[in-house]
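Contents: one structure, followed by commentary.
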Amino acid sequence: MNKQTVSATLVVIILAILALAATRFFVSVPAGHVAVATLFGDVRDEPYPEGLHIPVNPLYKFTFYDIREKELKETAGVPSQDQLTTTVDVSIKFRINGEDAPRMLQETGTFEDAIRVQIQPKLRSVVREQGKSIVRAEDFFLQETQERLQADIFTSMEEYLEPRGITCLD
């Protein structure tokens, strides 16, 4: 091999390494998301809002949270006081508070973990608890009972989720 071939190969290798390394110095956060950076397991306190961020530490690992409005639907068998079970369909609209995303990553995990660990079990529990206040299974079909259940479930979920960085929406 001649000297020019070795030089050209070396330049190509260096340019390839620089191109790969350059992609680690910025992060692009999609619309409706925030990014939380971690460095060797240490969660950074400030989330990165949507947009392009230059420069960032190339050693950061990013976790993205979707902060747009979401809806979770659940179907639950709810016992009434007359010991009959009625199937109830419940949905809750929510969104992640972007400012609380770093704490959420530390305490709960990813966006999917937050739904699985925080929202779903509490929603099921609240629906079952509220159902116990219904005297007869037929009362589930009354308008006033449904409105009271909606208000009580919403209030209970809001009180539980708000301190955890999740906002319940009407």
Give me the 1.4 Å probe accessible area per residue for the chain, excluding ligands and nucleic acids, in Å².
63
Within the stretch 38-68, name every residue whose backbone N is under 12 Å away from a label modeled 7 Å from Cα of R95 along the Cβ vector.
66-68
Within the stretch 148-168, which residues have the backbone N less than 16 Å from the label spot 7 Å out from S133 along Cα→beta-carbon, could you tell me?
148-160
Nearest 10 degrees, 0 to 90: helix 143-161 Cα axis against the chain principal axis:
40
Listed residue (Q120, T145, P163) projecting farthest to the positive dipole end of the stretch 94-170, Cβ model:
Q120
Just name one of H33, P49, L59: the one whose Cα is farthest towards the positive end of the charge dipole of the stretch 16-73 (beta-carbon charges, Lys/Arg +1, Asp/Glu -1).
L59
Once the piece of chain linking L15 and S125 is laid out straight, how much longer is it, given 0.36 nm per residue of separation minus the C-alpha distance between them?
33.9 nm
Separation of alpha-carbon centers, the stretch 1-31 and the stretch 90-157, rounded to whole Å
51
Calculate how steeply helix 3-22 sits against the longest principal axis of the alpha-carbon atoms of the chain, using the helix alpha-carbon long axis, and give the answer as 0 to 90 degrees to the nearest 10.
20
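If each residue of separation counts as 0.36 nm, what is the full-extension length gain between E158 and T110 once their alpha-carbon separation is subtracted?
The span from E158 to T110 would gain 15.3 nm if fully extended.
The values are calculated or read from the model by the stated rules, or taken from the named source; none is laboratory data. Predicted model only: the values in this text are computed from it and were never measured. FYI the Cβ positions are ideal-geometry reconstructions off the backbone, even for glycines, and counts take in every protein chain you see. For the accessible areas, the whole protein counts, side chains as well, though only heavy atoms, and no ligand, DNA or RNA atoms are used. Shrake-Rupley method; radii C 1.70, N 1.55, O 1.52, S 1.80 Å.
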